[in-house]
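The values are calculated or read from the model by the stated rules, or taken from the named source; none is laboratory data. Keep in mind the model is a prediction, meaning the values are calculated, not measured. Methodologically, a virtual Cβ is constructed for each residue, glycine included, from the backbone with ideal geometry; neighbour enumeration extends over all protein chains shown. Side chains included, ligands, DNA and RNA excluded: accessible areas come from the protein's heavy atoms. Shrake-Rupley method; radii C 1.70, N 1.55, O 1.52, S 1.80 Å.
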Amino acid sequence: MKMKKLLLLKSIRELKNSEVKKIIVTRIKEFKDMRDKPSNEIFKELCFCILTANFNAEKSIKIQEKIDDGFLTLPEEKLAEELKKLGHRFPKTRAKYIIDARKHLPYFKDILNLEENSLREWLVKNVKGLGYKEASHFLRNIGYESFAIIDFHILDVLSKHEIIKKPKTLSRKKYLEIEEILRNIASKLNLTLAELDLYLWYIETGKILK
């Protein structure tokens, strides 16, 4: 095993014996608790993940808090105005995606009863604005633990530790290939992919978000 990869594993093992672990355990519990919330609340989490595509996660959290039930009720033009006012990079496109996603709301709970892998594929195919990263992010945030959220932070930390060569584009095939690499790392560390993501994010950014 390459030295830099060993150093990354060592860093994560050290974090597992620190205060960071307590924060991550709490965050994972919050994600699992989301699954029991009403469909409207789960839908608002889906909207958050639509916002994060090619945009800052922390800013998306703040926008989510401000708009809240507006994700359920605002007409497209008004939602776009609010997103623009709050500083989103793509207000019109994201508003359009969110309005389109509302058509799934009446049977959202039934959708979530699909088998995990089928559920992610359904989300990518049927919810505009969701690729594999965003669909995996949404599922992690409502308690699913077996998917990797492969954003540029994760790609950076993996490439810096010579675990992968940073891809120019992230096709479905490449996404699943890197996800399998992360699954193997998680297994070595006795972590779920959901937990590993939070540790890697912390190593790269010094933060634990959602």
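How large is the dipole of region 129-170 about the Cα centre if only Lys and Arg carry +1 and Asp and Glu carry -1, each at its Cβ, rounded to the nearest 20 debye?
It comes to approximately 180 debye.
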With n ≥ 4 as the cut-off for DSSP H runs, can you work out [θ] at 222 nm for the chain, using -39500 (n - 2.57) per run divided by the number of residues, rounded to the nearest 500? -20500 deg cm²/dmol
Report the per residue volume, in Å³, of the convex hull enclosing the C-alpha atoms of region 1-87. 138 Å³
If I fit a long axis through the Cα atoms of helix 39-52 and take the longest principal axis of the Cα atoms of the chain, what angle between them do I get, 0 to 90°, rounded to 10? 70 degrees
Give me the angle, in degrees from 0 to 90, between the Cα long axis of helix 57-67 and the longest principal axis of the Cα atoms of the chain, rounded to the nearest 10. 30 degrees
Magnitude of the Cβ-charge dipole of the chain, K/R +1 and D/E -1, about the Cα centre, nearest 20 debye? 720 debye
Compare Ile164, Ile98 by solvent-accessible area with a 1.4 Å probe and give them largest first, with all protein chains kept in place. Ile164, Ile98
Is the shape of region 90-170 best called rounded, prolate or oblate, per the rule: a/c under 1.5 gives rounded, else a/b larger than b/c gives prolate, else oblate, with a ≥ b ≥ c the square roots of the Cα gyration tensor eigenvalues? oblate
Accessible carbon and sulfur surface of the chain relative to its total accessible area, %, 1.4 Å: 51 percent
Only Lys, Arg, Asp and Glu count, each charged at its Cβ (+1, +1, -1, -1), so figure out the dipole size of region 32-131 about its Cα centre, rounded to 20 debye. 400 debye
Provide the FRET efficiency to the nearest 0.05 for the Ile181-Lys109 pair, computing r from the beta carbons and using R0 = 25 Å. 0.15
Per residue value of the accessible surface for the chain (all protein chains in place, 1.4 Å probe), Å²: 52 Å²
